[in-house]
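So the structure is just underneath, and the comments pick up after that.
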Amino acid sequence: MTDPSPRAAQQTGPVVRVSGVDKTFRRGDRAVTKALEAIDLDIARGEFVSLIGPSGCGKSTLLRIVGDLTSPSTGTVTVNGKTAEQARRDRDYGMVFQAPVLFDWRTVEDNVKLPLEILGWDAARRASRAREMLDLVELGEFVKHHPFQLSGGMQQRVAIARALAFEPSILLMDEPFGALDEMTRERMNGEVLRIWERTGTTILFVTHSIPEAVFLSSRVVVMSARPGRITTIVDIDLPRPRTDETRESRRYFELVTAVREALRAGGAELDDRGTVGPGSDASIERTIAEGAVG
Amino acid sequence: MTTIGPAIAPTSRGSRPAVRGLRGTRSLAWYLPAAIVFVGGIVLWEVVVGALNLQAFVLPKPTAILAALQANWAEGRFALLPSATATLQEALTGLVIGTTVGLLVAFASVRWVTARGILLPLAVAANAVPIIAFAPLLNNWFGLVNPLSKALMAAILVFFPVMANVVRGLVDVEPAAVELMRSYAASDWTILRKLRVPNALPYFFTAMKVATTLSLIGAIVAEYFGGASTVLGRMIVQSASALKFDITWAAILLGAATGIVFYLVVAVVERFVIPWHATLRAEA
Ligand SMILES: Nc1ncnc2c1ncn2[C@@H]1O[C@H](COP(=O)(O)OP(=O)(O)O)[C@@H](O)[C@H]1O
Ligand SMILES: [Mg+2]
């Protein structure tokens, strides 16, 4: 497929296999929203796959289904050859949400140690790993700070360090940089790539920014408005390592255009920064009010 | 459940410009204006009572109150210190009982849905009752001179704010935080220990600051309805009926001082147990 990361070829078979997944949200007996329809997606080891699509098209739902935070209505998810639930029990997932979700009562360092405590690592190993991860995200000086003493970008880096700390085989990231300003976001994109290249983790990344998706990914999965379907998968054949020059290359612009057109074909509204607009939020209300779909 | 506000409003976590320093300890200068107003008020009281030539039964001078406090400190018919100690004991006993039961009910109702369905509506309904009206009944059940009847009055008053606030603290966790814990396959017990309990601590301390005052109110008011004579409530009632209002005021002063010390102890313990919280509050 596309360029795999250094440690990519250790095992054969996809890390994540989503097949025939539908998701319908119900209220009582009534189907309220059909969020996903006929989703098939394979993700190979070491791939960086982005999900992009209009707001409300089911990106988060798909990510949460893969991470076993919710279950599909039909279809199956296989992760590392196991059910998603088993994979979660085996701690195969690292999650990063749009909000950093740090615990105020813990220092930065102790936040990173949280999953390691739950996994039962001993104190010395926890401490050295937390330091290592915080150095990786360049927060080595802030180990003793509390989350509320850091900027939004720094908080999100702590969340990433925490997700990476126990070396999960898959990183699930749901618009992790959605709340950050453009400059911080570009810097964070660079950092995520650097970390991904060094660790060889498989990443499933939700975004509503076309440039971000193209810059980061091996493949961009384009979804249509509700019910969310995969309309196109764009292979991103930009050379690695990707740098600021990547953002100025012709191929980059071509790919951005390709993704944008795929989104338009799927019925998304776009703004001039290449961000997928709010789309059809009003229709969400309508759907729920009428209980129409399903 | 809206008795006591949460200890902190959820702080917004938008992008922030820079790293914040540790703050939170207020300098003495910060308290200076309040201290000046307080002392000024006392002086004004002294002067106005003297100038208007008010009778002691209307309003004694602060100096007269202090004199009464000194004269009746340890001995005599109105021995104030032993009274305050006895009342403090009742209040403390009530505080411990009320807090313990409040915590038990809070944890039970968070742990078991059935318990929540039964206990919370009952507790909320009970809170709507003017509980202090039960004081004569408690005196009847547990004995007029038994300190337990006063302690239980205090306990009942303490129970509700502790229970309600701790339930709120245990339940009001970020849904995303629970999902994060689930993604680590954390057990309910681990989620309780590492997420819900730490989250509830600021709520608990907020409740305790109210509860200390309530425990004193409960004990003193229960004493009004009768009981052993060497307690603050009886001192207040008896000195007032003997028209020795300087002693009444001295007893009230002692009760107020006890309440303030009580509060400060909670505040200091809070500082030690959740030092990060003072900093967070200073940021907000
Ligand atoms: N827990 C839920 N209950 C009911 N409807 C939901 C729930 N979660 C998501 N939805 C609906 O499913 C659709 C997809 O949501 P989501 O996956 O969050 O979209 P996206 O992340 O692409 O913006 C939306 O219409 C949303 O309203
Ligand atoms: Mg989403």
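Values as computed for the structure displayed
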{"item": "Qualifying residue in segment A:108-127 (condition: closer than 30 Å to A:PRO241 by Cβ, in contact (Cβ under 8 Å) with a residue 12 or more places away in the chain, surrounded by 23 or more Cβ atoms within 10 Å (Cβ to Cβ) and within 16 Å of ligand 2 (Cβ to nearest atom))", "result": "no"}
{"item": "Segment A:190-213, subset surrounded by fewer than 22 Cβ atoms within 10 Å (Cβ to Cβ) and of a type in the set (S, T, N, Q), residue farthest from the other protein chains (Cβ to nearest Cβ)", "result": "A:THR199"}
{"item": "Set B:ILE97, B:ILE191, B:ILE118, B:ILE132: member being away from chain A (no Cβ under 14 Å) and without any contact (Cβ under 8 Å) to a residue 40 or more places away in the chain", "result": "B:ILE118"}
{"item": "Checklist (1) without any contact (Cβ under 8 Å) to a residue 40 or more places away in the chain; (2) surrounded by fewer than 16 Cβ atoms within 10 Å (Cβ to Cβ); (3) not basic (Lys, Arg) applied to B:LEU180, failing item", "result": "(2)"}
{"item": "Every pair of residues 6+ apart whose Cβ atoms lie under 9 Å, when the first sits in segment A:174-185 and is within 10 Å of another protein chain (Cβ to nearest Cβ) and touching a residue at least 40 places away in the same chain (Cβ under 8 Å) while the second is outside any loop (DSSP other than H, G, I, E, B) and aliphatic (A, V, I, L, M)", "result": "A:ASP174/A:LEU63; A:ASP174/A:MET95; A:ASP174/A:VAL96; A:ASP174/A:VAL206"}
{"item": "Filtered residue count, segment A:90-104, keeping only those that are within 16 Å of ligand 1 (Cβ to nearest atom) and either modelled with pLDDT of 95 or more or not in a loop (DSSP other than H, G, I, E, B) (or both)", "result": "2"}
{"item": "Condition met for A:VAL112 (β-branched (Val, Ile, Thr), away from ligand 1 (no atom under 16 Å from the Cβ), modelled with pLDDT of 95 or more and more than 29 Å from A:VAL234 (Cα to Cα))", "result": "yes"}
{"item": "Failed criterion for B:PRO82 (all others in (1) out of contact with any helix residue (DSSP H, G or I) (no Cβ under 7 Å at 6 or more places or on another chain); (2) over 27 Å from B:LEU254 (Cα atoms); (3) touching a residue at least 40 places away in the same chain (Cβ under 8 Å) hold)", "result": "(2)"}
{"item": "Qualifying position, being more than 9 Å from every other protein chain (Cβ to nearest Cβ), at pLDDT below 90 and crowded, with 19+ Cβ neighbours inside 10 Å, among A:LEU164, A:LEU171, A:LEU216", "result": "A:LEU164"}
{"item": "Where B:ALA186 falls short, out of the listed (1) small (Gly, Ala, Ser); (2) assigned to a helix (DSSP H, G or I); (3) within 14 Å of another protein chain (Cβ to nearest Cβ)", "result": "(2)"}
{"item": "Selection status of B:LEU192, of a type outside the set (Asp, Glu) and more than 18 Å from B:GLU90 (Cβ to Cβ)", "result": "yes"}
{"item": "Test: residue in segment B:73-86 that is under 22 Å from B:PHE262 (Cβ atoms), within 19 Å of the chain's Cα centre (by Cα), polar (S, T, N, Q) and not in a loop (DSSP other than H, G, I, E, B)", "result": "yes"}
{"item": "So B:PRO175, is it out of contact with any helix residue (DSSP H, G or I) (no Cβ under 9 Å at 6 or more places or on another chain), without any contact (Cβ under 8 Å) to a residue 12 or more places away in the chain and under 30 Å from A:VAL96 (Cβ atoms)", "result": "yes"}
{"item": "Qualifying residues in segment A:60-75 (those that are among the hydroxyl-bearing types (Ser, Thr, Tyr) and away from ligand 2 (no atom under 16 Å from the Cβ)) - the one farthest from the other protein chains (Cβ to nearest Cβ)", "result": "A:THR74"}
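The values are calculated or read from the model by the stated rules, or taken from the named source; none is laboratory data. In this text the structure is predicted, and so the values were computed from the model without any measurement. Note: ideal-geometry Cβ built from the backbone for every residue, glycine included; neighbour counts use all protein chains shown.
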